[in-house]
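Chemist: The following block contains the structure, expressed as structure tokens.
The values are calculated or read from the model by the stated rules, or taken from the named source; none is laboratory data. Everything numeric in this text was worked out from a predicted model, so none of it was measured. When we count neighbours, we look across all protein chains shown, and the Cβ atoms used for this are built from the backbone with ideal geometry, even at glycine. Please note that ligands, DNA and RNA were not included when accessible areas were found on the heavy atoms of the full protein model with its side chains. Shrake-Rupley method; radii C 1.70, N 1.55, O 1.52, S 1.80 Å.
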Amino acid sequence: MSGCSAMSLGARQDLALQIAAVRELAARMPPVEEANEQPDDLLPPHRAPDSDLPGSSVNERTWPHRTLFVEEELQQRLEWARGLRPDAAGNVLRALERARELGAERRIAVPGSSKDFDQLRASFPHFGEVCDFVWRRAVLAGSAGDCAFRIPPILLNGPPGVGKTEFAQRLAGWLGTPMTRVDMGGLDTSFKLTGLDSGYSTGRPGAIWDALQGPWMSPVVLLDELDKRSNSTGDSGVAFLLALLEPSTATRFEDSCLGLAINASWIQWIATSNDTSSIDTAMLTRFRVFNINEPTGDEGRAVVESVFNALRNREAWAQAFPEQLPGHVTRQLVGRSAREVRQALEEACANAVICGRRELQPGDVPPRPGTGRKRMGFTP
Amino acid sequence: MTISDGIQSTGTDGTATEKPVALTPFHQSLERLNSRVEWIPTGWQALYAELRLRLYAVFCEGREPIVFLGGYEEDGHLFVETHAPDFVVQGILRKARAKAACTCMECGQPGKRRELEDWREMVLCGTCSAPRLLQLQIQRLLALDQCGTLHDACDPLMHPDARLVREAAEACGQVRKEHRLVLAGKLSNELREWVKRLLAHVQFRIVTGH
């Protein structure tokens, strides 16, 4: 499969030719003239029809499922919630009723297609180590019966603007699961994550409960700027995070507002930081740390093209520009972080449009910040 | 490229005459190589022609007794050799064999040796090898499916040995991103039938070349 970074360039080219030929061959296959469904008497006698397999409906059987909570415990909490004061019961009853409607069985993510993963790897060439790690775990999950997949907690440590958050979003997209972003820099209390007791007037469930209230039991939770968490009150949810990051303790997570034990061990944690020295050791050991460096050389060119493609997909005005960036413009942008590239491209596109052009030129690209001419004179 | 059996010469009265001349072993061998052009794969025709041209070019009186053997392809190897201790001729043959080992037997593009069904080896490029490799992967997939051990040996979703099957399934829209090919160690009935149709299509393509 695609993902082995040890493949030589020739081997990769060879594989690409094979894939292109196979796809063309398959596309030319004549369609079936008969009905798609075959009567059971054409099936081999030892082969039972699919309806006998567990989860027989077409949509259900494509995903593995796990149990989020115990039904009896949910009933107990519902009875308890109905006995609360009316002002306290509102949020609690709504949350528990919604959980009962969705049911105890939830989907677990499975790895996406290898083609999409190749595109992800090509768009983020400086995340090669992370991609290899995720791919190996995906292959491991694929060796089991139902391919239930969970990325172990990973920490992406690197300078600002290198594309850590964007990569996490694209990875969540590859898995096909929703992503919840938690800004650790602005997290001053643990309530936002773990919920506030219903005895308080503002009591409500936390972000962890909200992330699991959907069809998915393995959403991606992005802990952004983990090294920036506020220490103003001394309680920033770290202690509860420590328990959540260990699968053994996360299987019985209780939200402070609802008191219902749920299985949060399938949550896929991705954290980002700029400096690991300000992260607790206890927290750091629970993550697999990847140091992301600025892209260089060919990586830089790939990042520039990837950022430009993302810009064209997102902004309507960017689609008026040609798909391919001119080579001299790309060379000017190589060496900048992904964020700087995006800002420079937006500025360059604006400069081009002002001059009445729909094609970028090297003069449109603003100089890199901090590279202006230094003033002459005595330094203070 | 043929050699006339005789040499044309001009007689004393100015008329052209032909004298029958016995072919040397060298030329007889080259005639035999020429007659075996059809035994050489189409992708190797150019290098086979170049080989014969070079041999003609180095002919001299001292090389008359040299005999060439072979002139055919077997198991992805070009067999052309001689027992004569002539460095120049040996070098020409060695270079031709080396070039054949990295030239696709079907289209003449750069290729590499691959092991195909029944342990047959062929030198093929990526494009020409794709149908055969796809056939192998499908046959292996169906065999594992019959045993009910697909998830134990390899899951087509992830295993490199089933990559081409996955790509073909995605190209036909048979498998979407969220679908897996395997459920409880077996393919679904619909997918199994589609894979068998794909196998028949691929085999037809291999045989006919269309």
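Chemist: Going from most exposed to least, what order do A:283, A:29 have by accessible area with a 1.4 Å probe?
Modeler: A:29, A:283
Chemist: On a full-extension model of 0.36 nm per residue, what is the gain between residue B:203 and residue B:50, subtracting their alpha-carbon distance, rounded to one decimal in nm?
Modeler: Taking residue B:203 through residue B:50 to full extension adds about 51.8 nm, to one decimal.
Chemist: Still on this structure: Could you sort B:56, A:200, B:48, B:72 by their accessible area in this structure, using a 1.4 Å probe and putting the largest first?
Modeler: A:200, B:72, B:56, B:48
Chemist: Ignoring everything but the protein chains, give the 1.4 Å probe accessible area of residue B:95 in square angstrom, nearest 10.
Modeler: 140
Chemist: For B:167, A:294, give me the order by solvent-accessible area with a 1.4 Å probe, most accessible first, ignoring ligands, DNA and RNA.
Modeler: A:294, B:167
Chemist: Need one value for B:198-207: mean number of C-beta atoms belonging to other chains within 10 Å of its residues' C-beta atoms.
Modeler: Partner-chain Cβ atoms within 10 Å, mean over residues of B:198-207: 2.
Chemist: Between residue A:282 and residue A:133, what FRET efficiency follows from the Cβ-Cβ distance if R0 is 25 Å, with the result rounded to 0.05?
Modeler: 0.70
Chemist: Could you work out how far apart the two model spin labels at residue B:86 and residue A:343 are, taking each label as a point 7 Å from the Cα in the direction of the beta carbon, and quote it in nm?
Modeler: Reported label-point gap for residue B:86 and residue A:343 is 7.4 nm.
Chemist: Give me the summed buried accessible area for the B-A pair, 1.4 Å probe, to the nearest 100 Å².
Modeler: 4100
Chemist: Quote the FRET efficiency, to the nearest 0.05, computed for residue A:249 versus residue A:101 with a Förster distance R0 of 35 Å and r equal to the Cβ-Cβ distance.
Modeler: That pair, residue A:249 with residue A:101, gives E of 0.80.
Chemist: Could you give the radius of gyration (one decimal) and Dmax (whole number) of the Cα atoms in the range B:25-165, in Å?
Modeler: Cα-based Rg and Dmax for the range B:25-165 come out at 20.2, 69 Å.
Chemist: For the range A:246-355, what D do you get in µm² per second when you plug the Kirkwood radius from alpha-carbon pairs into Stokes-Einstein at 4 °C and 1.567 mPa s?
Modeler: My calculation gives 73 µm²/s for D.
Chemist: If you build the Cα gyration tensor of the range A:81-223 and take the root of 5 times each eigenvalue, what three semi-axes come out, in whole angstrom, biggest first?
Modeler: 34, 20, 10
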